[in-house]
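The values are calculated or read from the model by the stated rules, or taken from the named source; none is laboratory data. Being a predicted model, the structure only gives us computed values, none of them experimental. Because the Cβ atoms are built from the backbone with ideal geometry, glycine has one as well, and the counts that use them run over all protein chains shown.
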Amino acid sequence: MTSIVAHNVNAWYGKHHALHDITLTMPNQQVTALMGPSGCGKSTFIRTLNRMHEEIPGTRVTGEIRVNDVNLYGGRITAQYVRRHIGMVFQRPNVLPARSIYENVAIGLQINGIARGKALRERVQQSLHQAFLWDEVKDRLDDPAAGLSGGQQQRLCIARALALEPQVLLLDEPTSALDPLSTLQVEDLVRHLKAQYTVVIVTHNLQQATRIADQTAFFLLGRIIEAGPTEQVFARPQHKETEDYITGRFG
Amino acid sequence: MNEVRSVTGAATSAATTHRRTRITVRGMALGDFVLQNGTLLIVIAVLALIAGVFWVVLASSMPTIHQFGWQFLTNQAFDPDHNSFGVGPAIFGTIVTSVFALVFAAPLGIGAAVFLVEFCPRRARTSLAFFTDLLATVPSVVFGLWGFLVLAPWMQHSGEPWLKLHLGFLPFFVGTPRGVGLLTAGMILTVMILPLVIAIAREVMQIVPNEQREALLALGATRWEVVRYAILPFARVGITGGVILALGRALGETIAVTLVIGNQANKISPDLFATGYTLPSVIANQFGEATPGLFRSAVIEAGLILIVMTLIVNVLARLLIARMGRHHRVGGLVA
């Protein structure tokens, strides 16, 4: 059981204090949605979960994030190790344009020395199946990834993350650059993936949160205002800010 | 309210008056007509100028072209006393020194750019980049002087003897260490084109989208793997362009090479310690004495060959970049 547990997480960009004492448990086999208006810290928080936050110069994180009781910010854990086990998909599909569809999925396995030859091919195929992409690309695996549509590229990015069999899958607004149909496909995919993975998704689309998330955390100005089962947060919000946000009074 | 309306009314009437008085030529506004044809004229003038230069060079080379034909390219003697002219060693020297510079400047320059863009702390980057750019502004005669006064003596007494001792089994390091020669010229050229390679590689790498870096980082890639799989493939076409541009500069470099290459070559040999000639240094050395007739024609034909060489390099570069660009789009090329 790999829940991911954040405890008293604070984050800074230079002097700007972007996250204040975030404590949140993201349970196994569930989808946790992080929502809130722009600049509320939801993207910052998801980027602390796989230590991508520290790639920006001048940033700092304190607190603990535990997966299987391993503190990701513990002294002996490297950022590479964390990211190899916690997959991430970004806002805009970032396939490697010069590489083939096959290579885009294989690259994570190759750089981490996980599989080669037949095992590699099987793993790539399996990941493309998992991402609901196999039937669309099976006849053109050697074509450049840049030739795929936006929605296909994003599912390719998901396949690339899944190939490493991560313990947690992080999705940072994965559908914000996609058309409605592709968005539904990705949401459908996320609902399936939670059977095997712990999924955390940033969204500022409220309907999306209600459609796919078991649990929702509402961020405002770098703090979690409210977190709980999605139905409860939307139907009976405990805080006025949450209610204002979900009823569309701001944000 | 009335005031506002009257102002708007005035503006409208002004606009209509303006439209009515606009002069047109063949259905075009006068300004557009002048701009289109004026710029066309400028382009034609530039092309005519280039064609004119080429024509003059070609026409002035005719005596030696008639006299020696293709042998001018291979003849090893450039001997005004006996009216025997050829630029074989100069073509050889031009290619050897330029390729030498390219072989060393390309990896060094790309490596330096990778450091500046991917590893260097941001604050240090700006000043380091400034200094490498500054290197490009040093006049070539200063490089030549430094090469002649500092590098060549050092090569004669330390560098070349060391190479001879340790790598003497190679055909490149067998002659008498003289200091001036093909090797020193190649080294000076390396230093001179290095800032160009760094600057272009740096610019191209800086525009690689951050999403590409993140794609690799999120898979657990190290910084080196990010460079290897995300940055360099994305920047490949631009870097190649920069390297070829640098080669063009090396081919045409005159004064710095002339000062350190020795300007003496009667045969082609792989020995890099030997003194040599390049096409630009032939011209720079001989044009003062070039008496009308075959001698002057030979000097000018050296220039003609240089023009053709740089033209070939540029055409090849464009073809290469177009090919790589197509692969980039279609992505068929696999590392």
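Quick look at the numbers
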{"quantity": "Qualifying residue in the range A:59-67 (condition: modelled with pLDDT of 90 or more, surrounded by 16 or more Cβ atoms within 10 Å (Cβ to Cβ) and in a helix (DSSP H, G or I))", "calculated": "no"}
{"quantity": "Failed item in (1) under 19 Å from the mean Cα position of the chain (by Cα); (2) facing another protein chain (nearest Cβ under 9 Å), with A:Gln130 passing the rest", "calculated": "(2)"}
{"quantity": "Helices (runs of 4 or more DSSP H) lying entirely in the range B:167-250 (those with 2 or more residues that are among the aliphatic types (A, V, I, L, M) and farther than 19 Å from B:Ala129 by Cβ)", "calculated": "B:182-206, B:210-217"}
{"quantity": "Residue in the range A:81-97 that is touching a Ser or Thr at 6+ places or on another chain (Cβ under 7 Å), modelled with pLDDT under 95 and within 9 Å of chain B (Cβ to nearest Cβ) present", "calculated": "yes"}
{"quantity": "Residue among A:Leu189, A:Leu170, A:Leu184 that is on the phi < 0 side of the Ramachandran plot, free of Cβ contacts under 8 Å to residues at least 12 places away in the same chain and within 20 Å of the chain's Cα centre (by Cα)", "calculated": "A:Leu184"}
{"quantity": "Residue ID - surrounded by the fewest Cβ atoms within 10 Å (Cβ to Cβ), chosen from residues in the range A:40-49 that are among the β-branched types (Val, Ile, Thr) and within 14 Å of another protein chain (Cβ to nearest Cβ)", "calculated": "A:Ile46"}
{"quantity": "Filter result (among the β-branched types (Val, Ile, Thr) and crowded, with 19+ Cβ neighbours inside 10 Å) within the range B:284-304", "calculated": "B:Val299, B:Ile300"}
{"quantity": "Which numbered condition A:Asn112 misses (of (1) at the interface with another protein chain (Cβ under 9 Å from one of its Cβ atoms); (2) more than 29 Å from A:Thr2 (Cβ to Cβ); (3) crowded, with 16+ Cβ neighbours inside 10 Å)", "calculated": "(2)"}
{"quantity": "Contacts under 9 angstrom Cβ, first residue in the range B:81-100 being farther than 12 Å from B:Thr278 by Cβ, partner crowded, with 21+ Cβ neighbours inside 10 Å and of a type in the set (Ser, Thr, Tyr), 6 or more apart", "calculated": "B:Phe85/B:Thr64; B:Phe85/B:Ser297"}
{"quantity": "Test: B:Leu165 is more than 14 Å from every other protein chain (Cβ to nearest Cβ), without any contact (Cβ under 8 Å) to a residue 12 or more places away in the chain and more than 30 Å from A:Val89 (Cβ to Cβ)", "calculated": "yes"}
{"quantity": "Residue match in the range A:6-18 (condition: in a strand (DSSP E or B) and within 15 Å of A:Ala209 (Cβ to Cβ))", "calculated": "no"}
{"quantity": "Residue list for the range B:121-140, restricted to those being in a helix (DSSP H, G or I) and either aromatic (Phe, Trp, Tyr) or under 14 Å from B:Ala199 (Cβ atoms) (or both)", "calculated": "B:Arg125, B:Thr126, B:Leu128, B:Ala129, B:Phe130, B:Phe131, B:Thr132, B:Asp133, B:Leu134, B:Leu135, B:Ala136, B:Thr137"}
{"quantity": "Lone qualifier among A:Met26, A:Met52 - being buried (at least 17 other Cβ atoms within 10 Å of the Cβ) and within 14 Å of chain B (Cβ to nearest Cβ)", "calculated": "A:Met52"}
{"quantity": "Residue list for the range B:217-230, filter: closer than 18 Å to A:Cys157 by Cα and in contact (Cβ under 8 Å) with a residue 12 or more places away in the chain", "calculated": "B:Val226, B:Tyr229, B:Ala230"}
{"quantity": "Residue within the range A:117-133 that is among the β-branched types (Val, Ile, Thr) and surrounded by fewer than 23 Cβ atoms within 10 Å (Cβ to Cβ) present", "calculated": "no"}
{"quantity": "Residues within the range B:275-302 that are in a loop (DSSP other than H, G, I, E, B) and within 25 Å of the chain's Cα centre (by Cα), tallied", "calculated": "4"}
{"quantity": "Scan of the range B:130-149 for residues that are in contact with a helix residue (DSSP H, G or I) (Cβ under 6 Å, 6 or more places away or on another chain) and under 25 Å from B:Arg178 (Cβ atoms), ordered by number", "calculated": "B:Ser140, B:Val141, B:Phe143, B:Gly144, B:Gly147, B:Phe148"}
{"quantity": "Members of the range B:53-77 found to be closer than 12 Å to B:Ser297 by Cα and part of a loop (DSSP other than H, G, I, E, B), listed by number", "calculated": "B:Ser61"}
{"quantity": "Single residue of B:Thr240, B:Thr310, B:Thr278, B:Thr258 found to be surrounded by fewer than 18 Cβ atoms within 10 Å (Cβ to Cβ), among the β-branched types (Val, Ile, Thr) and in contact with a helix residue (DSSP H, G or I) (Cβ under 8 Å, 6 or more places away or on another chain)", "calculated": "B:Thr310"}
{"quantity": "Filter pass, A:Ile201 being under 19 Å from A:Gln29 (Cβ atoms), assigned to a helix (DSSP H, G or I) and of a type in the set (Val, Ile, Thr)", "calculated": "no"}
{"quantity": "Residue selected from the range A:91-103 under the condition touching a residue at least 60 places away in the same chain (Cβ under 8 Å) and surrounded by fewer than 22 Cβ atoms within 10 Å (Cβ to Cβ), by the criterion farthest from the chain's Cα centre (by Cα)", "calculated": "A:Arg92"}
{"quantity": "Among (1) among the aliphatic types (A, V, I, L, M); (2) under 17 Å from B:Arg296 (Cα atoms); (3) surrounded by 14 or more Cβ atoms within 10 Å (Cβ to Cβ) - the single one B:Ile95 does not satisfy", "calculated": "(2)"}
{"quantity": "Meets criteria (farther than 19 Å from A:Thr44 by Cα, free of Cβ contacts under 8 Å to residues at least 24 places away in the same chain and touching a helix residue (DSSP H, G or I) at 6+ places or on another chain (Cβ under 9 Å)) for A:Glu231", "calculated": "yes"}
{"quantity": "Exclusive hit being more than 26 Å from B:Thr275 (Cα to Cα), of a type outside the set (Ser, Thr, Tyr) and in contact (Cβ under 8 Å) with a residue 60 or more places away in the chain, set B:Val197, B:Val257", "calculated": "B:Val197"}
{"quantity": "Hits in the range A:40-62 - residues which are among the charged types (D, E, K, R) and in contact (Cβ under 8 Å) with a residue 40 or more places away in the chain", "calculated": "A:Lys42, A:Arg47, A:Arg60"}
{"quantity": "Hits in the range B:98-131 - residues which are of a type in the set (Phe, Trp, Tyr) and surrounded by fewer than 20 Cβ atoms within 10 Å (Cβ to Cβ)", "calculated": "B:Phe104, B:Phe115, B:Phe119, B:Phe130, B:Phe131"}
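Here's the yes/no breakdown for (1) closer than 27 Å to A:Ala115 by Cα; (2) crowded, with 21+ Cβ neighbours inside 10 Å; (3) within 14 Å of chain B (Cβ to nearest Cβ):
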{"residue": "A:Gly147", "(1), (2), (3)": "yes, no, yes"}
{"residue": "A:Gln153", "(1), (2), (3)": "yes, yes, yes"}
{"residue": "A:Ala161", "(1), (2), (3)": "yes, yes, yes"}
{"residue": "A:Leu170", "(1), (2), (3)": "yes, yes, yes"}
{"residue": "A:Ser176", "(1), (2), (3)": "no, no, yes"}
{"residue": "A:Asp179", "(1), (2), (3)": "no, no, no"}
{"residue": "A:Thr183", "(1), (2), (3)": "no, no, no"}
{"residue": "A:Ala195", "(1), (2), (3)": "yes, no, no"}
